[in-house]
Every structure is written in C-alpha cells, then in structure tokens.
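The values are calculated or read from the model by the stated rules, or taken from the named source; none is laboratory data. Bear in mind that the values here come from a model prediction, so they are computed numbers and not experimental data. Positions of Cβ are backbone-derived with ideal geometry, glycine not excepted, and every protein chain shown enters the neighbour counts. Calculation scope for accessible area: heavy atoms of the full protein, side chains included, ligands and nucleic acids excluded. Shrake-Rupley method; radii C 1.70, N 1.55, O 1.52, S 1.80 Å.
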Amino acid sequence: MMLKTGGAAAAIAIAFMAAASSPAFAQDAVTCGTDRTIDIAEFTWPSAAVLAHIHAKVLDAGFDCNVEIVTGDTVPTTSSMVTRGSPAVAPELWTSTVQEQWDAALSDGTTVALGDAISDGTVEGWFIPRYTQEANPEITSAETAIANPQVFADPEDSSKGRLYTCPPGWGCELATGALFEAYDMEENWNLFSPGSGGALDASIARAFTREEPILFYYWGPTAILGKFDAVALDMGEIKPEVYACNTNPDCDEPAGITAYPSSPAIVGAAAWLQDEAPAVAEYFSKVGLTNAEISELLVYGDENQADAEATAVNFLKTKEDVWTGWVPAEVADKVRANLS
C-alpha cells in the first residue's frame, strides 16, 4: 500500500532536513506540504478508478505524500468528505447527483472544487455506429432514428425496432424509459433491457464486430466509446425540469422530451487539502482530461484485461506528453523513476 509507515516518514524527514541546508534545494524542492494521509476515493466505475490510481502514484512518488486509496461512491463519499474531511480527494465527482449537498458544502467552506476531471464534460445519449449513419445519412437525430425502426430491427421481433436501454436500477434507465414513452415509441419499437452493464457492452461490441445496425443508450467517457466509432444522435434541447421529472419516480407529470444533460465531473476535495497542501491542490487544478483521452486510456484496460492500477501505470508510461504538463520537472523525474 502507498501509505508510508511512521519509521519511513521519520527517515524522510531527517533526509529532508539534511538536504535543506543546500540553498538550491530549499528553493527548488516540491514537497507534499502536509503530514496527513491524503486518502483518494476509488469509485466503482472504470474511469474514476483509473484516475484515482494515476493521482495516487503521482502524489506518492512525485510529491512524497502519504497516500491511501479507499473505496467509495458518489453519495457516501461526498457525505464523508463534508462531515469528516475524509476522503481528501474524489478525482471524478459527478456533482449533479449530489448537487444540493455539494453546493452547501462549497458555500460553508468544507469542500473545494480543485478543477475539472473531465474537461469537456460527461456525455450521455443515444448512439448509432458510424457505418449505419453512412448507409442512412438521414439518421442524425433521435427523431429520424425513431422514424426508421426497420433499420434497427429487433432480432426477436423484426416488425419493430430495438432500442437498447441502460441496466436496471441505474438512473439512466428511468431517463431512457421516459423518453421511450414521450416519443410514443411503443407501437413500432421495443425497449430492450440488457440486464447488466456487461451485457450491454457485449451487445454493442457484437453489433460493431458484425457491422450490424444498433441503436443504444450510452455514456462517456468509457472504453466502448473509445473503442468503437459511434455517433451521438442529436437529442434536441436540454430541459432540466423535464429531465428532473423524467428521473423522479414520484413526479406526476407526463414524460417529456429532453436531451440528457452533461454532468460536471470535477476533482472534489476536502478544504483542508488546499490549505495544508497548496502544491497538491495546484496539481489537481491541471489534471483535466477530455472524454476522448479518458476513453482511450480505458481501451487499454479493456483490451488487456488490466485492472485500474495497471491501466494507470500504462497511462503514466505512454502519455508523458499529457501528465508531465501537470507537474514540475523534478516531480516528473521522480514519477518516472518510480515506474522503471
């Protein structure tokens, strides 16, 4: 584990004091700034898990921080960060799911938003393969796809089209089901639930491998969108109030038509981190990656059956042009040395 023992920490402190007698070291050294353990939340979805390991390795090797990776998820992690100041960092926090609590915590100063985790925002919507659009150039939007159910014929009922929705229990299942209802698709379409995220991925991969048409809900950044050339359909205007009702089982209003909103994905942190470790906070202000960049790094994990840590190491080894821009040169050198 990256968490250092007390004996090791003492040795580091002695070495630091000895080296500090050099004026050059005193001016140039970049250190963690805090003796506290910086616990980083590893969320359950792949992109957030990989980002947690990337940042843990940089802070441990490059900044000499005491680092620990802890399991977490959006709601409990946010609650713990607000009430206990732990974990210190959530490297991919989708704030839309905890908006009221997060806004209140920002207002009272218990948390801070250090930067964007996904610089161009998250993506949700309905997708088709590019080869399907090239064969049917009129299909550019949800409406034009809905008007062509024969293009996306259900393998089990060819009289109707098939829309692959998101797995049971996920918020996107409610949103997609509401749109299916609002677009009045029942007569000519079947809403197909794959049963799990893995089954949805398998259905999409099978269609692309066979170059078959498929209309499916998906989100990014993900390995699927990094691996396959999928086109996002125009879903029209984002109507926050309609979307809120569509995803609220207790809402009495009829389902409405709206695009899926892009949720901000930020680096959220307990406020003490910015106060005690300003160099670390500055680092996190620079670490934003685009959807395409994150999807690309996830493809490695998917194709190589690599876990989050191995995928993080591969990113640090192969994408120096990206991450070295986040840190001073001496920090980059330490990280490189740790990887060899």
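Closer than 26 Å to Thr222 by Cβ, loosely packed, with under 12 Cβ neighbours inside 10 Å and in contact (Cβ under 8 Å) with a residue 40 or more places away in the chain, is that true of Glu303?
Yes, satisfied.
Within the range 306-340, track down each residue that is surrounded by 15 or more Cβ atoms within 10 Å (Cβ to Cβ), under 23 Å from the mean Cα position of the chain (by Cα) and not in a helix (DSSP H, G or I).
Ala306, Lys319, Val327
Looking at the range 113-152, which of its residues are under 15 Å from the mean Cα position of the chain (by Cα) and of a type outside the set (A, V, I, L, M, F, W, C)?
Residues satisfying the conditions are Gly115, Asp116, Ser119, Asp120, Gly121, Thr122, Glu124.
Report yes if some residue within the range 35-56 is assigned to a loop (DSSP other than H, G, I, E, B), of a type in the set (Phe, Trp, Tyr), modelled with pLDDT of 95 or more and open to solvent by less than 10 Å² (accessible area, probe 1.4 Å); otherwise report no.
No; the residues of the range 35-56 include none that is assigned to a loop (DSSP other than H, G, I, E, B), of a type in the set (Phe, Trp, Tyr), modelled with pLDDT of 95 or more and open to solvent by less than 10 Å² (accessible area, probe 1.4 Å).
Tally up the residues in the range 180-217 that are within 23 Å of Ser263 (Cα to Cα), at pLDDT 95 or above and in contact with a helix residue (DSSP H, G or I) (Cβ under 7 Å, 6 or more places away or on another chain), please.
The total comes to 3.
Going by the structure shown, is Val299 within 23 Å of Thr44 (Cα to Cα) and either of a type in the set (Val, Ile, Thr) or in a helix (DSSP H, G or I) (or both)?
When the stated conditions are applied, Val299 passes them.
Considering each residue of the range 174-201, count those that are under 24 Å from Asp302 (Cα atoms), without any contact (Cβ under 8 Å) to a residue 24 or more places away in the chain and either touching a Ser or Thr at 6+ places or on another chain (Cβ under 9 Å) or not in a helix (DSSP H, G or I) (or both), and give that number.
Result for the range 174-201: 1.
Counting only residues that are assigned to a helix (DSSP H, G or I) and surrounded by 22 or more Cβ atoms within 10 Å (Cβ to Cβ), how many does the range 61-71 have?
1
So, in the range 254-287, exactly how many residues are open to solvent by 30 Å² or more (accessible area, probe 1.4 Å) and at pLDDT below 95?
3
How many residues are of a type in the set (Gly, Ala, Ser) and in a loop (DSSP other than H, G, I, E, B) if we restrict to the range 224-277?
Number of matching residues: 7.
Read through the list (1) open to solvent by less than 20 Å² (accessible area, probe 1.4 Å); (2) at pLDDT below 95; (3) out of contact with any Ser or Thr (no Cβ under 6 Å at 6 or more places or on another chain), then give the number of the only condition that Thr247 fails.
(1)
If I go through the range 13-34 residue by residue, how many of them are in contact with a Phe, Trp or Tyr (Cβ under 9 Å, 6 or more places away or on another chain), part of a loop (DSSP other than H, G, I, E, B) and at pLDDT below 95?
Residues in the range 13-34 being in contact with a Phe, Trp or Tyr (Cβ under 9 Å, 6 or more places away or on another chain), part of a loop (DSSP other than H, G, I, E, B) and at pLDDT below 95: 3 in total.
Go through the range 158-175 and give me each residue that's modelled with pLDDT of 95 or more and in contact with a strand residue (DSSP E or B) (Cβ under 6 Å, 6 or more places away or on another chain).
Lys160, Gly161, Arg162, Leu163, Tyr164, Thr165
Given the criteria open to solvent by 20 Å² or more (accessible area, probe 1.4 Å), free of Cβ contacts under 8 Å to residues at least 24 places away in the same chain, within 26 Å of Thr311 (Cα to Cα) and more than 23 Å from the chain's Cα centre (by Cα), does Arg206 qualify?
yes
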